[in-house]
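The values are calculated or read from the model by the stated rules, or taken from the named source; none is laboratory data. Since the structure is predicted, the reported quantities are computational estimates derived from the model, not experimental observations. Here the Cβ positions follow ideal geometry from the backbone for every residue, glycine too, while neighbour counts run over all protein chains shown.
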Amino acid sequence: MYSLEADYRSARRQDEGQNQQVVGGKNHDAGRIGVIFEVIRTSLIVYVLTVASVISVAISQLLRDLEQSTEPFFNTMSRTPWASIETVTGQMPYVLELTRVVDAFVDVIKSSIEQKKYLRNFYDRTSRYIS
């Protein structure tokens, strides 16, 4: 079975003798410094991916909340007997209520999300849901 830790230790042993440098009369282990930088870089990538994942999950949850809030209005719209409607008399009450709910929901979200790129992500995903 492959082990990342065993692979790392093996590579580390091979590099130990090759990466010794003398700078200003002192021994410096360039391999160790390289490994430390690699660990730091990997940790930062994991952190960024974790933050992005958390934000994505949070936006998905917000969209589920919006969907639950608007589902009754979309159900009413889908049950409307459109074939029997001959003339347009104005907006249906459920359309006004749907608009009110979406506007209120977006206003709350807009005040909660600080970075524009996340707000844009929310708007894009919401528009895909509504259309």
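What to note about this one:
- One residue from TYR47, TYR94 being out of contact with any Asp or Glu (no Cβ under 7 Å at 6 or more places or on another chain), surrounded by 14 or more Cβ atoms within 10 Å (Cβ to Cβ) and not aliphatic (A, V, I, L, M): TYR94
- Figure legend. Inter-residue proximity from segment 86-101: first residues within 17 Å of THR126 (Cβ to Cβ), second residues of a type in the set (Gly, Ala, Ser), beta-carbon distance below 7 Å, spacing 6+ or different chains. Indicated pairs: VAL101/SER69.
For (1) surrounded by 13 or more Cβ atoms within 10 Å (Cβ to Cβ); (2) within 36 Å of the chain's Cα centre (by Cα); (3) modelled with pLDDT under 65, each residue gets a yes or a no:
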| site | (1), (2), (3) |
| --- | --- |
| TYR2 | no, yes, yes |
| LYS26 | no, no, yes |
| GLU71 | no, yes, no |
| MET77 | yes, yes, no |
| TRP82 | no, no, no |
| VAL88 | no, no, no |
| LEU98 | yes, yes, no |
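- Top-ranked residue in segment 114-127 [being without any contact (Cβ under 8 Å) to a residue 24 or more places away in the chain and closer than 14 Å to LEU63 by Cα; ranked as surrounded by the fewest Cβ atoms within 10 Å (Cβ to Cβ)]: SER127
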